[in-house]
1. For Ala416 and Asn440, what is the calculated FRET efficiency with R₀ set at 51 Å and r taken between the beta-carbons, to the nearest 0.05?
2. Which angle between 0 and 90 degrees, to the nearest 10, do you get for helix 296-308 versus the longest principal axis of the chain when only C-alpha atoms count?
3. Using only alpha carbons, build the gyration tensor for the stretch 6-63 and give me the equivalent ellipsoid semi-axes, biggest first, whole Å.
4. Based on the alpha carbon coordinates of the stretch 392-518, what radius of gyration and maximum Cα-Cα distance (Dmax) apply, in Å?
5. Relative to the present Cα-Cα distance, how much length would full extension add between Arg252 and Thr210 at 0.36 nm per residue of separation?
6. Given the Cα-Cα distance of Tyr130 and Val547 and 0.36 nm per residue of separation, how much length would full extension add, in nm?
7. Do the sum for the chain: with -39,500 (n - 2.57) for every DSSP H run of n ≥ 4, divided by all residues, what is the mean residue ellipticity at 222 nm, to the nearest 500 deg cm²/dmol?
8. Going by average Cβ density within 10 Å per residue, which order do the peptides 248-257, 534-543, 269-278 take, highest to lowest?
Amino acid sequence: MDAQQFLAEFGHIANAPGGVARLRELVLALAVQGRLVQQDPSDEPATKQVERIKTIALTTTTAGKRKKTAATSHHDGAAASQLPRGWANTRLCELARVLNGRAYSKQELLASGTPVLRVGNLFTSDHWYYSNLELEDDKYCDAGDLLYAWSASFGPFIWHGKRVIYHYHIWKLDLFSSEEVDKRFLHTWLLEKTQEIKAAGHGISMAHMTKEKFEQLVIALPPLQEQSRIVAKVDELMALCDRLEAQQQDRRKLQNALRQSTLQALASAQSPHELQDSWKRLQANFGRLFSESGDVSDLRKSILDLAVSGCLSSINESDQSATSLKETILAAKEAGISSGTVVRKKHVKPEELQETALPSHWESITLDEAISTIDAGWSPACMPNARDDESKWGVLKTTSVQVLRFLPHEHKELPASLDPRPQYQIAVGDILITRAGPKNRVGICCVVDDAPPRLMISDKLIRFHIVDDLIDPHFVALCLSAGEPGRIVERLKSGMAESQMNISQDKLRSITIPLPPLEEQQRVLKKVEALMRIIDVLEAQLNKSQVVSGKVAAAAVAALTGITIEQEEAPVKVPQTELIALLRLGTPGTSQDSCRLIHATDRFKSSACT
């Protein structure tokens, strides 16, 4: 391997998504190609080892249980002229017996006895079954045995535990001579070839990788001394990969903490001067704070927090005052109660805003004071599918309500045997909030902007309206999704477990939201929409950067190993759009509200080698 080429490509590989995994793949590929350590002319050629192993395989018996494998001089591997000096092609069956584990019925798996090693125990599961059966010796494995899991999760393992019975979905490789083959090299070779073995097995379960096919795998075997040198070098480089991965994880944690701290300072700014300083700090460190597409969710949240705290707009003398608007809302509510169009609800203790310093020209109002109607829907036993045309009725699922986004296609068809309840049919302008479900799905709010006919709300959705539409429904949904009102929603959730929580109508009515003039509400919403479009572009560019980075890493590994990796060639077009601009208070959002994405990809060459 060309050291200069490796150093030139190192940063491309290491900093790509899954880059350390690529480095590990590179190490293994170079190891089995004979390009990781130098060949020593004084090493005994592997052909002599193979001949001795064949002799041992033919003369060794195990109580009549050893199955002899017909020797063959033909191999489908690399031609002898292409092998490194001293290497030889052989088959797995010429180096080891591949032994089957044992399948068990439920009745045979007990709570005590000899542990039964299953595939899950090799990967993630700490749950063990046991057996009290007396089995032949080759159905057990001991510390140091080489195993291969061939079901679902798969790959080679050297067992380091106590004596166990191994399951049917595990093969044990019983070497004919551990003096002639380094078991750790065979493990390395199988680890590198596992993806090829999986492909030969036609699927993730390797259903077509029979033991007979597995035994016929062709192995390029190095001299015994070189096997040991390769294993030592692999161990050394894998330790460096572990160290590099830990450093990257530490850097990622620091990046996340710095991003959250910077955005928190932005959201908690108490004056225009503090806001400008915080935004400049964000702009100056943008490339260090955002490196993955998922990072922008924090930025979205901060924009919404700024919007509901009054930092994305300023006073306009021509606006109706918030005080006058609040008086109009309260008067309209009382008039509706008097006329019978609005039902008077029992009084609820208001959840006041205590952390937010609203602009001096803003007011605040509880939803109890502003809501004209509020109800929940109906949850009949529906069909599992969505309706296929709008002449049929459907019931909305809670997933139809996303943060500030309504998805009408998320519904189930109402059976023809059930009569619909038209009073629950959605209409444009309905404000919806999820009432029950897992904690992360309760309190999600949006506005119905598209209302296909014959769709009803379920009883896990609360629907409400503002009296005489005197507050923009989208601004109400924004307030319930961000800032202090959003945190109050989070606090008011209740339930015995996070998997099943709820928020009641009374608790919802107790929430206080900011109340700017109606015209200013609409300016805030336009500003948010403009900034979200910019963030969408940022997310697309970061996503494209990750995809391209992954492709470059794959190409670099292919160039170093000679293994061709197929990649999609369709280009991803991303607008040439600046991303974040210096925030100007009171200035409407435009397509120029952006700054350029700063790429700051730090290389890990020195940290991996020190």
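None of the figures in this text is laboratory data; all of them are computed from the coordinates on show. Keep in mind that what you see is a predicted model, and the values were worked out from it rather than measured. So basically every Cβ, Gly included, is an ideal-geometry build from the backbone, and we count neighbours across all protein chains shown.
1. Details: r = 35 Å, r/R0 = 0.68.
The value I calculate is 0.90.
2. For 296-308 against the chain, the angle is about 10 degrees.
3. Numbers: eigenvalues 299, 59, 5 Å².
In descending order the semi-axes read 39, 17, 5 Å.
4. Cα radius of gyration and Dmax of the stretch 392-518 are 14.6, 49 Å respectively.
5. Here the answer is 10.8 nm.
6. Values: separation 417, 0.36 × 417 = 150.12 nm, distance 4.58 nm.
Extending this stretch completely gives an extra 145.5 nm.
7. On the way: 17 runs with 237 residues, N = 610.
So the calculated ellipticity at 222 nm is -12500 deg cm²/dmol.
8. Details: 248-257: 12.5, 534-543: 18.9, 269-278: 14.7.
The peptides rank, most packed first, as 534-543, 269-278, 248-257.
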